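The values are calculated or read from the model by the stated rules, or taken from the named source; none is laboratory data. Just so it is clear, the model here is predicted, and its values are computed rather than measured. Note that each Cβ is placed from the backbone with ideal geometry, even for glycine, and that neighbours are counted across all protein chains shown.
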Amino acid sequence: MNFEVVFPVAAPFWLLMILAPGWSVTRRIAGSPLMVVPSLIVYFIAVAPVLADLAPEMVNPTLPGVLALLSTKAGTIAVWAHLIAFDLFVGRWIYLDSRERALHPLLMAPILILTILLSPFGLALYLILRSLPLGRTPQTP
């Protein structure tokens, strides 16, 4: 597996959610959890060469063991692929939830970009944003 292949597999889905959030094709693609399958396939391919080393370290993790895994090219690519797949899954949830809450795409684009770059910060910001009364229609009694 090549490092440069990992993000480009997920990039088209991010572009759809950021640049064409209201497009019916985007809604249909993001509406399916299968959207993350290409990234998962890349992850599985990346993990295969290091699975024998990775599995025991995940069962009983140690800092030296994790550092040893990350110090290899295959281990680094596997972790990068893991992050890309997980970030896309989180971004998909943010996209779908923000559409349901009728949050404006111009408000959501920077949050989705932040989620690509630093997903815990993007998720935290979105969780704060979704607690605010933005974009919601008033409920009638």
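Residues of the range 97-122 being of a type outside the set (Ser, Thr, Tyr) and either crowded, with 17+ Cβ neighbours inside 10 Å or touching a strand residue (DSSP E or B) at 6+ places or on another chain (Cβ under 9 Å) (or both), which ones?
Those that are of a type outside the set (Ser, Thr, Tyr) and either crowded, with 17+ Cβ neighbours inside 10 Å or touching a strand residue (DSSP E or B) at 6+ places or on another chain (Cβ under 9 Å) (or both): 99, 103, 108, 111, 112, 114, 116, 122.
Only one of 134, 112, 88, 83 is over 19 Å from residue 5 (Cα atoms) and either acidic (Asp, Glu) or assigned to a helix (DSSP H, G or I) (or both). Can you tell me which?
112
Which numbered condition trips up residue 62, out of (1) more than 25 Å from residue 123 (Cα to Cα); (2) in contact with a His (Cβ under 8 Å, 6 or more places away or on another chain)?
Exception for residue 62: condition (2).
Looking at (1) over 25 Å from residue 105 (Cβ atoms); (2) surrounded by 10 or more Cβ atoms within 10 Å (Cβ to Cβ), find the lone condition where residue 63 falls short.
(2)
Quick check, is residue 98 polar (S, T, N, Q), modelled with pLDDT of 95 or more and either touching a Pro at 6+ places or on another chain (Cβ under 6 Å) or farther than 15 Å from residue 13 by Cα (or both)?
yes
Is it fair to say residue 80 is under 14 Å from the mean Cα position of the chain (by Cα) and surrounded by fewer than 17 Cβ atoms within 10 Å (Cβ to Cβ)?
no
Exactly one condition in (1) in contact (Cβ under 8 Å) with a residue 12 or more places away in the chain; (2) surrounded by fewer than 18 Cβ atoms within 10 Å (Cβ to Cβ); (3) over 23 Å from residue 4 (Cα atoms) is not met by residue 94; state its number.
It is condition (2) that residue 94 fails.
Among the residues that make up the range 44-58, is at least one of them surrounded by 12 or more Cβ atoms within 10 Å (Cβ to Cβ), under 30 Å from residue 103 (Cβ atoms) and at pLDDT 90 or above?
No, the range 44-58 contains no residue that is surrounded by 12 or more Cβ atoms within 10 Å (Cβ to Cβ), under 30 Å from residue 103 (Cβ atoms) and at pLDDT 90 or above.
Kindly indicate whether any position in the range 18-34 is at pLDDT 90 or above, in a helix (DSSP H, G or I) and within 25 Å of residue 74 (Cβ to Cβ).
no
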